[in-house]
């Protein structure tokens, strides 16, 4: 007897009785749970969007209030005019907008992470606990690998918040010196005098010398012959500098009256007399050039001949050893301990004794001298 091909087939499961009330209860519970989860996820997303919108609105209003206050104080209509204003309000605007964008990004990232964790907790409550170890490992790896980025960002936030540098400032960062063209929370763009654009990471900046904040000082050293009348030369230098300070074209750039600090150094070739003038931060070089030109004309009119120096005289801040008698702190030189000479072994020289009386010098083989 040949059996049918379907005799060995797997028996089909028992048919579901759709008339059973328990079946419909399970279906209803499934859709109820899914609907509640979907509603919870939708509520989390809507809440995250709402919180993000509210916080961004608060940050935007705070930034606009600070910017509008700066414009009202400067009596201008737009922020572009602040760059031409003598006030430093443009720095406030730049700093406020940068910090506003940073806060907005932080708010967005934080809310997105919290929303994702809440959604995961709703959809799979047990998965969040199992991901704790994986999340810790990923966080440790990212923290170790991205520590330089975190350092750059944190340092950049403090640089921007404390107004250490701004666009258009002449700065000395140690790594690069020039004009700041762009400042962000991670990198600062500096263009040097040769036109090279340097990208300096904020985390690598350990010191900042800002030549555009506050005021600057023109330090000018004039070398004259040793037989010159010092009082006459000092009076001529001071009169020339005061005339420059009274000039309508230059007086807005000069903050205080010029001063002669007197005889700076004496050598066999020349006498060096120092003249200083306090100026605005960005006007130092222009005032120094004009002052040198006028001093040259004054010296020519007085008939003073400049000495031919064999050595380069210190000028500017490099030659400033004192400021109104206040000497900079000096440390004693580190004593150099002489290295003791290492003893060199040498073989001890011993005189050979003659083996026989005839071997002595000046004697004959028989021993007779």
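I'm trying to understand the selection: among the residues of the stretch 260-272, which are surrounded by 15 or more Cβ atoms within 10 Å (Cβ to Cβ) and not in a loop (DSSP other than H, G, I, E, B)?
260, 261, 264, 265, 271, 272
Within the group 167, 179, 208, which residue is under 11 Å from the mean Cα position of the chain (by Cα) and either surrounded by 13 or more Cβ atoms within 10 Å (Cβ to Cβ) or outside the structural domain of residue 282 (by TED's automatic domain parsing) (or both)?
So the residue among 167, 179, 208 that is under 11 Å from the mean Cα position of the chain (by Cα) and either surrounded by 13 or more Cβ atoms within 10 Å (Cβ to Cβ) or outside the structural domain of residue 282 (by TED's automatic domain parsing) (or both) is 208.
I'd like the full set of residues that are closer than 15 Å to residue 220 by Cβ and modelled with pLDDT under 85, limited to the stretch 281-312.
Listed by number, the list holds a single entry, 306.
Test residue 221 against the criterion of being surrounded by 15 or more Cβ atoms within 10 Å (Cβ to Cβ), touching a residue at least 60 places away in the same chain (Cβ under 8 Å) and either touching a strand residue (DSSP E or B) at 6+ places or on another chain (Cβ under 7 Å) or assigned to a helix (DSSP H, G or I) (or both), and give yes or no.
It is true that residue 221 is surrounded by 15 or more Cβ atoms within 10 Å (Cβ to Cβ), touching a residue at least 60 places away in the same chain (Cβ under 8 Å) and either touching a strand residue (DSSP E or B) at 6+ places or on another chain (Cβ under 7 Å) or assigned to a helix (DSSP H, G or I) (or both).
Is there a residue being surrounded by 12 or more Cβ atoms within 10 Å (Cβ to Cβ), within 24 Å of residue 125 (Cβ to Cβ) and either assigned by TED's automatic domain parsing to the domain that holds residue 115 or free of Cβ contacts under 8 Å to residues at least 24 places away in the same chain (or both) anywhere in the stretch 29-39?
Yes: the stretch 29-39 contains one or more residues that are surrounded by 12 or more Cβ atoms within 10 Å (Cβ to Cβ), within 24 Å of residue 125 (Cβ to Cβ) and either assigned by TED's automatic domain parsing to the domain that holds residue 115 or free of Cβ contacts under 8 Å to residues at least 24 places away in the same chain (or both).
The values are calculated or read from the model by the stated rules, or taken from the named source; none is laboratory data. Computed from a predicted structure; not experimentally measured. Because the Cβ atoms are built from the backbone with ideal geometry, glycine has one as well, and the counts that use them run over all protein chains shown.
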